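The values are calculated or read from the model by the stated rules, or taken from the named source; none is laboratory data. What you see is a predicted model; the values in this text were computed from it and never measured. Virtual Cβ from ideal backbone geometry, glycine too; neighbours counted across all protein chains shown.
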Amino acid sequence: MTETLNYILLGFLVVCAVSVSFSKNLLNSILIFMSYSLVMSVIWILLKSPDLAITEAAVGAGITSVLFFITLKKIHAIQSERREEREDEQEKRAE
C-alpha cells in the first residue's frame with residue numbers, strides 16, 4: 001500500500017514538472033508549482049522528515065507562490081491573460 005502511494009506521488013511530481021514547462025498561462029504555472037510543492041511536502045512526511053515537510057509547505061507552496069502572484073499582479077500579467085482569453089472567446093463566438 002505504501003509503495004503504491006509512493007509511486008503515485010512520484011508520478012504526480014513528474015506530471016507537475018512536465019506540465020509547468022508546457023503551460024502557456026502563467027497563472028496555471030503557478031498553481032501547478034503550488035501543487036508540486038504540496039505533494040513534495042507529503043513525500044517528506046512519508047519519509048519521516050516533518051521539519052522538511054513544514055518548510056516545503058511554508059516556503060514552496062506558501063511564500064513563493066504569494067510572491068509569484070504579487071509579481072504577476074504588478075506586471076499586470078493576470079489582467080492581460082484574462083483579456084486575451086476574453087478576446088479568444090469572442091473570436092470563437094464570431095466564427
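Here are some notes:
- In region 40-57, the residues that are closer than 13 Å to Leu5 by Cα never reach a residue that is in a loop (DSSP other than H, G, I, E, B) with C-beta atoms less than 9 angstrom apart, at least six apart or across chains.
- Residue match in region 27-35 (condition: in a helix (DSSP H, G or I), surrounded by fewer than 11 Cβ atoms within 10 Å (Cβ to Cβ), in contact (Cβ under 8 Å) with a residue 12 or more places away in the chain and not acidic (Asp, Glu)): no
- Filter result for Phe68 (at pLDDT below 90, among the aromatic types (Phe, Trp, Tyr) and surrounded by 14 or more Cβ atoms within 10 Å (Cβ to Cβ)): yes
- There is at least one residue in region 35-54 that is over 22 Å from Leu67 (Cα atoms), among the small types (Gly, Ala, Ser) and modelled with pLDDT of 90 or more.
- Candidates in region 1-25 are the residues that are without any contact (Cβ under 8 Å) to a residue 40 or more places away in the chain, polar (S, T, N, Q) and part of a helix (DSSP H, G or I); of these, the one that is surrounded by the most Cβ atoms within 10 Å (Cβ to Cβ) is Ser19.
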